[in-house]
Amino acid sequence: MAEQDIQTRIIAMLKQETIQLWIPPYTTETGEAGHEQMQELAVKYSQVLGFPQPDMETALEEIRLQAVRRGSGNKTFKETNIANLDFILPKKGHKRRHNIKSKLDITAQDLINKIKEECELKHIKLIVNGKVLSPDKRLDEQNVKNNSKIMVLKLSEPEIKKEIMEVEEKMRSNEESVQRVQKGFQILSERDGSEDPMTTPFLEIADQKGNPIQIPLDKKKALILAMGFHEKGRALMKQKEYNEALFYLLQAEDEFRKCNSALLTTVDNYAVLQLDIVWCYRALEALTCLTDCKQRLQQAENCFLKCYGEGQTRLQKIKGNTGGEGVLFLRLYLLQSLLVYLDGKENQAIKKLKQCEELYNQLSLDQEKMNQLLSMGFTEQDARLGLRACRGNVEAAVMHITLRRTEREEIKQREKNRRRQRLEAINTLVELGYNKKSAANALHKAHGDLDEAYRILLDSSEASSSRTPQPDIDRQTKVDQIVSFGFQREEVEVALSLVEDDQAQAIQLLLDNQGIIPAVLRPPPAPSSAPSSAPSSSSDEPSTSSEDLTACGTSSPDSELVNEVLECIPQHEEDYLDVNLEEEAELIALMRSYLEKNAAVSI
């Protein structure tokens, strides 16, 4: 078990027994350890937890020192603004943990120099909360606080430039990737379906039956962005790139919070997101934030209960089966078992683990049955999802998969027809003299009713201004005016093209980017084709699922960005339920070994 996990177990036991290591008899008035009492604790906890006594002694002393330093450091910080900083050095040839006193208004380079001098190191870099500190920036500007823990990485001479370049390149790459993902999904979220459905990718929020859900435009945009970031994160999770995945998942959470809170508690997307975030924490061995993880799992559990109903009765009514969602509950119970174990509650951990093992056995698939379905031409994903949905019954799985395929094709066709009819209605209104955007907005308000949309346009105070305008003859005037403010003509042209010639928005865009439009926002040199794809959907109804989307080639200048984000969207609407259970099996075995070891020690 990792050192931090051992300390977490000990801290939980200390809390249960209300033992305070920073006061007598465990710490003397001079700040030294009470050796006899600490020795007794080490023996006792070694027997209870099943770890070697020397490991217990080391961990207890480290916890005691941290508590003592924190207590005195907090007082000192309030009085003098001098912070207490813990830093962890490379193991080889050095004491592992050190402590340093420092103000936080100094640069990271100043702190680097102090550590170098104290520990006789030449080339190092500092990491706080997973981020490399910039040497030229102040500590407090980089979220370094009193009692912060700092990781010190030692570099050899040739590695210095290489390491710095790699870190900077990765940061630039990550930032650009996030910007591109956000921009791509923003483009999709802002399209109103008035373009040709055969050539233009378009996303819409729909229920399980493919019926569009009418929600305010700002909420729709936030929801599509949230789902987009979630899918990007899930794609990275499948590649076991958990650090990068976590970043996108947290971005998704920010977007979800902009949505109606009632919507988040009636569909399972947000619950699945919370589950995915904690699963990433587990993979990164970052479960020391127990309170945060517990809260996220509780949110997920409450949401599943509301969405699926008691005993998943509501889910059964909507989908006709509940087998697929079992993988979500398996992860939920597994993570709950791990957290209560780390909190020192072994009996609860054992109960949860038994629940996990029972569910795991139900979800594990017979390879012979899988082969039967594969020999019939079904994909591995369809076979796995079908067998789980039908509790391992091959005949029922065949019917289930076939029915789901038929339903998907019907939804696709229905959507194509609906969008074609919408486009025809918009063209009819355009022929009557209204511009495309006004026509599309009116149709949206009229829920697709052409006559009602026409009445809305007639009654609108903006009806006269909605008539198709004459060609914009003064675009050059706009360019000249903005150029006169000191911007480069080429950048002005790009800015205007991005905001549909809105002069005020173009100026703001240039100001926000110091007069140079970044590459991520610029139209790509050549458009490419977008794949046919669809975001994953909730199992609930109504849900925040996205409609199936057919995207043929598009000549839009934003097509490259759109194509990139569409690759994040899985083809199958239940892709988020398709898990091979390998990681789950490993965690179950690990938890079982911990609990059996402790049980043997207790006996």
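Any read-out appearing in this document is the output of simple, stated calculations on the displayed coordinates, not a laboratory observation. In this text the structure is predicted, and so the values were computed from the model without any measurement. Neighbour counts are summed over all protein chains in view; Cβ atoms, including those assigned to glycine, are modelled from backbone coordinates with ideal geometry.
Where in the stretch 128-147 does the amide nitrogen come within less than 20 Å of the point 7 Å from the Cα of ASN81, taken along Cα to Cβ? Inside the label zone: 136-147. Using θ = phi - 60° in the Karplus curve 6.51 cos²θ - 1.76 cosθ + 1.60, the 3J(HN,Hα) couplings for the stretch 444-452 round to 4, 5, 8, 6, x, 7, 5, 4, 5 Hz; x is entered for Gly and Pro. Label-to-label distance for ASP366 and ASN513 is 5.9 nm, based on points extended 7 Å past Cα in the beta-carbon direction.
Find the relative contact order for the stretch 390-468 and round it to a whole percent, using C-alpha pairs within less than 8 Å whose residues are 6+ positions apart.
21 percent
Computed over the stretch 1-80, the percent of Cα pairs more than 16 Å apart is 49. Backbone phi angles across the stretch 352-357, fed through the Karplus curve with coefficients 6.51, -1.76 and 1.60 (θ = phi - 60°), yield HN-Hα couplings of 5, 5, 4, 4, 5, 5 Hz in residue order; Gly and Pro are listed as x.
Loop-located trypsin sites (Lys or Arg not before Pro) across the stretch 242-332 with a Cβ neighbour count of 12 or fewer within 10 Å are ARG257, with loop assigned by DSSP. Positive end of the dipole of the stretch 81-155 (Cβ unit charges, origin at the Cα centre): among LEU121, LEU139, ILE82, the Cα lying farthest that way belongs to LEU121.
Taking amide H positions as modeled 1.01 Å from N, with prolines and chain starts lacking one, no residue 5 or more places away or on another chain lies under 5 Å from VAL132. Note on SER375 and ARG70: their simple-model spin labels are 6.1 nm apart, each label 7 Å out from Cα toward Cβ.
Tell me, what is the FRET efficiency for ASN99 and LEU250 to the nearest 0.05, using R0 = 22 angstrom and their Cβ-Cβ distance as r?
Calculated transfer efficiency: 0.10.
Please work out how much length the chain gains when fully extended from GLN571 to LEU432, using 0.36 nm per residue of separation minus the C-alpha to C-alpha distance, in nm with one decimal.
On the way: separation 139, 0.36 × 139 = 50.04 nm, distance 3.93 nm.
Additional length available on full extension: 46.1 nm.
In order along the stretch 317-324, the Karplus-derived 3J(HN,Hα) couplings, from 6.51 cos²θ - 1.76 cosθ + 1.60 at θ = phi - 60°, round to 5, 6, 9, x, 7, 10, x, x Hz, and Gly and Pro are given as x. For the stretch 390-468, the square roots of the Cα gyration tensor eigenvalues, ordered a ≥ b ≥ c, give a/c of at least 1.5 with a/b greater than b/c, which places it in the prolate category. With a Förster radius of 45 Å applied to the C-beta separation of VAL43 and GLN295, the computed FRET efficiency comes to 0.80.
The mean sequence separation of alpha-carbon pairs under 8 Å and at least six residues apart, normalised by the residue count of the stretch 1-80, gives a relative contact order of 30 percent. Between HIS447 and VAL499, what is the label-point separation in nm under the 7 Å Cα-to-beta-carbon projection? Each label point lies 7 Å from its Cα, and together they span 3.7 nm. Database remark: amide H of HIS123 closer than 5 angstrom to the amide H of LEU155 (H placed geometrically; neighbours at sequence offset of 5 or more, or on other chains; Pro and chain starts carry no H).
If you take the beta carbon distance between ARG489 and GLN179 as r and set R0 to 30 Å, what does 1/(1 + (r/R0)^6) give as a FRET efficiency, to the nearest 0.05? Calculated value: 0.75.
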